[in-house]
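Presented below is the structure to which this report refers.
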Amino acid sequence: MTDAFHPDLPAAAKVHHVPAGSLDDATTQSAGMRRLAAISGARVGAERLWMGQSHVAPGVSSGNHHHGDSESAIYVVSGRPEFVFLGEDGGERHIRTGPGDYVFVPPFLPHREENPSPDEDAVIVIARSTQEAIVVNLPELSVYRPG
């Protein structure tokens with residue numbers, strides 16, 4: 001990671017370049033997926049944003065989880081990941097995606113990612129409305145009841 005031009009300024013007042021090969025896997029992980037941080041409070045001084053990648057291997061499902069009070073915006077880079085959550089009736093709902101698609105996951109929504117492909121990784125870019133990647137791993141999915 002490189003900082004732009006003003007070494008005497010605090011981290012939050014600088015432009016930061018995060019090369020593709022320097023993403024950080026020292027984030028909370030869920031079984032079956034790998035999260036990599038690019039932009040965070042710890043890495044660049046972000047105060048209201050986290051951004052990074054998740055990778056789900058072929059034929060793998062992540063563990064069930066939610067992201068606390070953080071909104072998550074997702075861009076599908078490659079593969080055909082599915083986002084799974086429970087509907088009001090308690091039945092599983094699948095959102096099937098492909099490259100170029102966007103997904104929004106609201107705060108506290110229990111979900112998981114699945115990669116049904118037998119041979120292609122699913123790679124997504126994630127932006128969150130908090131400066132760190134909040135991950136709360138869950139033993140099972142539950143119906144989301146806002147408020």
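The values are calculated or read from the model by the stated rules, or taken from the named source; none is laboratory data. In this text, all values refer to a predicted model and were calculated from it rather than measured experimentally. Positions of Cβ are generated from backbone atoms using ideal geometry, with glycine treated the same way; all protein chains shown enter the neighbour counts.
Results, tabulated for the structure shown:
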{"read-out": "Cross-chain or 6+ apart pairs with Cβ under 7 Å, the stretch 26-38 first and at positive phi, then aliphatic (A, V, I, L, M)", "value": "32/56; 32/60"}
{"read-out": "Selection from the stretch 128-147 of residues that are surrounded by fewer than 16 Cβ atoms within 10 Å (Cβ to Cβ) and either in contact with an Asp or Glu (Cβ under 9 Å, 6 or more places away or on another chain) or outside any strand (DSSP E or B) (or both)", "value": "129, 138, 139, 140, 142, 143, 145, 146, 147"}
{"read-out": "Residue count for the stretch 120-140, restricted to those that are more than 12 Å from residue 74 (Cα to Cα), of a type in the set (D, E, K, R) and under 12 Å from the mean Cα position of the chain (by Cα)", "value": "1"}
{"read-out": "Complete set of residues in the stretch 92-127 that are of a type in the set (Val, Ile, Thr), touching a Gly at 6+ places or on another chain (Cβ under 9 Å) and not in a loop (DSSP other than H, G, I, E, B)", "value": "123, 124, 125, 126"}
{"read-out": "Among residues of the stretch 56-101, those that are free of Cβ contacts under 8 Å to residues at least 40 places away in the same chain and either over 12 Å from the mean Cα position of the chain (by Cα) or on the phi > 0 side of the Ramachandran plot (or both), counted", "value": "12"}
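Listed here are the residues, each with its yes/no results for (1) in contact with a Ser or Thr (Cβ under 6 Å, 6 or more places away or on another chain); (2) at pLDDT below 95; (3) of a type in the set (Asp, Glu).
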{"site": "35", "(1), (2), (3)": "yes, yes, no"}
{"site": "39", "(1), (2), (3)": "no, yes, no"}
{"site": "50", "(1), (2), (3)": "yes, yes, no"}
{"site": "66", "(1), (2), (3)": "no, yes, no"}
{"site": "77", "(1), (2), (3)": "no, no, no"}
{"site": "84", "(1), (2), (3)": "no, no, no"}
{"site": "94", "(1), (2), (3)": "no, no, no"}
